[in-house]
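Please read the structure below before turning to the comments.
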Amino acid sequence: MDLVLTSGTWPREVTGEAVFSSPEPVPGVPYALFGPGRLCRLSLQPGTHGAPEGRFAWRSHRVDSPSARLFGAAPESFSAGPTGFTSPFGVPNQANTAPLPWGDRLFATWDVGRPAEVDPATLGFLGEVGHRDSWGDPALPMGGVLPFLLSSAHPVVDPERDCMWSVKLVIDMASGTQGVEVVHWDGTGTTVSRWPVRDAKVRGGAHCVTQSRDFLVLADSGNFIPDLGEMAGGERTAVIDTSTPVWVIRKDQLLSTPPGDTVEAVASTAAPSTGHMYARWDDGEGIQVLFEHMDLVDLGYRIEAGDLDSRGEPVDPALVGFYNMAMAPNTVSEMLIDPGTGRAETLGRLSEDWTHNLQLSAMDWSTEGLSAPTLHHVAVQGFRAGAVTRRAMQAYSDRLGGLPPEDTPGVLASLRRGDLGVASSYTYPNTGEQITSPVFVPRDPAAHHDPAGRPGDGHGGDTTRRSAYGGTDPGGHDGFVVVPVLSDEGMRVDLFDASCVGSGPVATLCTPAGECVPALLHSAWMPRAPRADSSLERLRFADEIDGHVEALPDELARIVHAVADQLADPSGG
Ligand SMILES: [Fe+2]
């Protein structure tokens, strides 16, 4: 689609590309979060990427990975359960949760699979990160050519070491928990390195990884707990914890330890349980982490046909398959963690009666912005009585406070890093709309970019020049915030001045004929979307099927070989 400017003036300093991850709605999938991944890209300068003059290119493409291609070729072979799809081919990697830029490269991620690289220009699939053998044993021995790997939907790119850090989870059936391994990829070749972390066990997952200059920070994102009883066909009984363990691991220790050997972590705690966390790059005074907590958001509860909502009314059939939304206001906290002891000091904390459903946010990801963050922009979607089920309320009856008497508005709020005071906020009055993933766009990055530096890297010592991701005055306050708003009248995109979102949108784009889009999850910004560098070595599906494809029935094996051939041929891949 080519979006149309319907109000305001679109500033010339808004440049680059906003990218969004989305799970595609698939008939029959019981949980919307398990749909095949799609990437959407909004070009922020009119008349680019194929849009006519004055229009803005919104381009959407399925992550056409081996998983998606096998699903497309033999959908009858895939069956959907409470934890997603399984098939004789293995467990598909839906890559539907977050876009992860790395300089001029772009990856799509999720918790149940490896990051998948796509071409920023065409959004076509290029390859998954790391040969399956280098990821080690799958989480469960389910067989097939699609390995069942539990990972993180938010790996991080290390701008100084020029590598990607992620995790792999190892199921321990005896304790019902998962061990944690750190995963490292240097961006070249088809091998990742792994180090088990001593005594690190998660109940839920490790949804988000964050980092400072010298440390990785991991946490149990316990808002999605696999329920073995439910997986066996029974009722869901697992509930989320009230706090979450956090681990701090020194990067130098990882890189000086032979892969496969165990590394030590310093343990800390955060409460309530947390989905996303973002550390300040500079860690000389300790590791300063902003936690977006998910108070009484249990992603294991999805809305089912026959459910009653919090008002006792039958749920809207259109919401079946969506997750059960927040049953309490969500908290944001900023902690200073001592990496030697794990002791954590609270620097700031925000939880208000308007902070229900805060899972999506925007910040300045440039090295300069991470070093001196100023504003953290959060999208609060508001309380939604119709998306909270009596079934989930019953499971949390001993922890549930009062629910708001009616739906509360969506709010875009800019929080000061440190004390988390609300610097500015904008309230969306229409509770029938859903504000979704905001994107921070630095002002005029090209004017300050050092073209001699590698894109996405630091500024190489010349402080008058910045990385490709750095704008005029990095930190999060100088630039723009792009917010897609989902509405039955069609999607629109609001643009705010990042320094004063409370002034309201400075410009708005709309879909040309009122088209709607399905749920958008996380977002990111890239300074540009060039064609991928074809000279880089990438994993080929054909190189990891031997030893696995032979066990499939002939007809399915033929499909696997056909998909491997498609992906090996660049013109068809
Ligand atoms: Fe996430």
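The values are calculated or read from the model by the stated rules, or taken from the named source; none is laboratory data. Computed from a predicted structure; not experimentally measured. Heads up, the Cβs are rebuilt from the backbone with ideal geometry, glycines too, and the neighbour counts pull from every protein chain shown.
Out of the residues in the stretch 91-122 that are under 19 Å from residue 563 (Cβ atoms) and surrounded by fewer than 22 Cβ atoms within 10 Å (Cβ to Cβ), state the one that is farthest from the ligand (Cβ to nearest atom).
Top of the filtered list is 122.
With 398, 407, 419 as the choices, which residue is part of a loop (DSSP other than H, G, I, E, B) and free of Cβ contacts under 8 Å to residues at least 12 places away in the same chain? Can you show your working first?
Numbers: 407 fails: free of Cβ contacts under 8 Å to residues at least 12 places away in the same chain; 419 fails: free of Cβ contacts under 8 Å to residues at least 12 places away in the same chain.
None of the other options fit; the residue is 398.
Cβ-Cβ below 9 Å, separation at least six or inter-chain, first residue in the stretch 157-173 and farther than 13 Å from residue 183 by Cβ and surrounded by fewer than 17 Cβ atoms within 10 Å (Cβ to Cβ), second modelled with pLDDT of 95 or more and among the acidic types (Asp, Glu): which pairs?
So the pair list comes out as 161/186; 162/186.
Condition first: closer than 9 Å to residue 286 by Cβ and not in a strand (DSSP E or B). Now tell me which residues in the stretch 323-339 satisfy that.
Once the filter is applied, which keeps residues that are closer than 9 Å to residue 286 by Cβ and not in a strand (DSSP E or B), the stretch 323-339 yields 338, 339.
Can you tell which of 234, 275 is touching a Ser or Thr at 6+ places or on another chain (Cβ under 7 Å) and modelled with pLDDT under 95? Give the steps one after another, and end with the answer.
Working: 234 fails: touching a Ser or Thr at 6+ places or on another chain (Cβ under 7 Å).
Result: 275 is the single residue among 234, 275 that is touching a Ser or Thr at 6+ places or on another chain (Cβ under 7 Å) and modelled with pLDDT under 95.
Filtering the stretch 81-105 down to residues that are assigned to a strand (DSSP E or B) and farther than 24 Å from residue 188 by Cα, which residue is nearest to the chain's Cα centre (by Cα)?
Only one residue tops the list, namely 84.
Yes or no: residue 355 assigned to a strand (DSSP E or B) and either surrounded by 16 or more Cβ atoms within 10 Å (Cβ to Cβ) or within 26 Å of the chain's Cα centre (by Cα) (or both)? Step through it out loud before you land on a result.
Numbers: assigned to a strand (DSSP E or B): no; either surrounded by 16 or more Cβ atoms within 10 Å (Cβ to Cβ) or within 26 Å of the chain's Cα centre (by Cα) (or both): yes.
It is false that residue 355 is assigned to a strand (DSSP E or B) and either surrounded by 16 or more Cβ atoms within 10 Å (Cβ to Cβ) or within 26 Å of the chain's Cα centre (by Cα) (or both).
Let's see how each residue does on (1) buried (at least 18 other Cβ atoms within 10 Å of the Cβ); (2) in a strand (DSSP E or B); (3) in contact (Cβ under 8 Å) with a residue 40 or more places away in the chain; (4) of a type in the set (D, E, K, R):
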site	(1), (2), (3), (4)
490	no, no, no, no
496	yes, yes, yes, no
499	yes, no, yes, no
505	yes, no, yes, no
514	no, no, no, no
525	yes, yes, yes, no
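For residues in the stretch 140-164 being part of a loop (DSSP other than H, G, I, E, B) and within 16 Å of the ligand (Cβ to nearest atom), which is nearest to residue 219 (Cα to Cα)?
The first filter runs over the stretch 140-164 and keeps only residues part of a loop (DSSP other than H, G, I, E, B), leaving 140-145, 147-149, 151-153, 155, 159-162.
Pick out the ones that are also within 16 Å of the ligand (Cβ to nearest atom) and you get 151-153, 155.
On the way: 151: 13, 152: 11, 153: 13, 155: 13 Å.
So the residue we want is 152.
Do the conditions hold for residue 63, that is, is it away from the ligand (no atom under 16 Å from the Cβ), crowded, with 24+ Cβ neighbours inside 10 Å, among the hydrophobic types (A, V, I, L, M, F, W, C) and under 25 Å from residue 188 (Cα atoms)?
Against the criterion (away from the ligand (no atom under 16 Å from the Cβ), crowded, with 24+ Cβ neighbours inside 10 Å, among the hydrophobic types (A, V, I, L, M, F, W, C) and under 25 Å from residue 188 (Cα atoms)), residue 63 qualifies.
Would you please name the residue that is nearest to residue 97 (Cα to Cα), looking only at residues in the stretch 200-209 that are of a type outside the set (A, V, I, L, M, F, W, C) and either within 12 Å of the ligand (Cβ to nearest atom) or surrounded by fewer than 23 Cβ atoms within 10 Å (Cβ to Cβ) (or both)? It would help to see each step written out before you state the result.
Filtering the stretch 200-209 down to residues of a type outside the set (A, V, I, L, M, F, W, C) leaves 201, 203-205, 207.
From what is left, the residues that are either within 12 Å of the ligand (Cβ to nearest atom) or surrounded by fewer than 23 Cβ atoms within 10 Å (Cβ to Cβ) (or both) are 201, 203, 205, 207.
On the way: 201: 23, 203: 20, 205: 14, 207: 10 Å.
Among them, the one singled out is 207.
Are any residues in the stretch 527-562 free of Cβ contacts under 8 Å to residues at least 40 places away in the same chain and either part of a loop (DSSP other than H, G, I, E, B) or within 28 Å of residue 42 (Cβ to Cβ) (or both), and if so, which ones?
Filtering the stretch 527-562 down to residues free of Cβ contacts under 8 Å to residues at least 40 places away in the same chain leaves 534-535, 542, 546-547, 550, 554-555, 557-558, 561.
If the condition is that a residue be free of Cβ contacts under 8 Å to residues at least 40 places away in the same chain and either part of a loop (DSSP other than H, G, I, E, B) or within 28 Å of residue 42 (Cβ to Cβ) (or both), then 534, 535, 546, 547 are the ones that fit.
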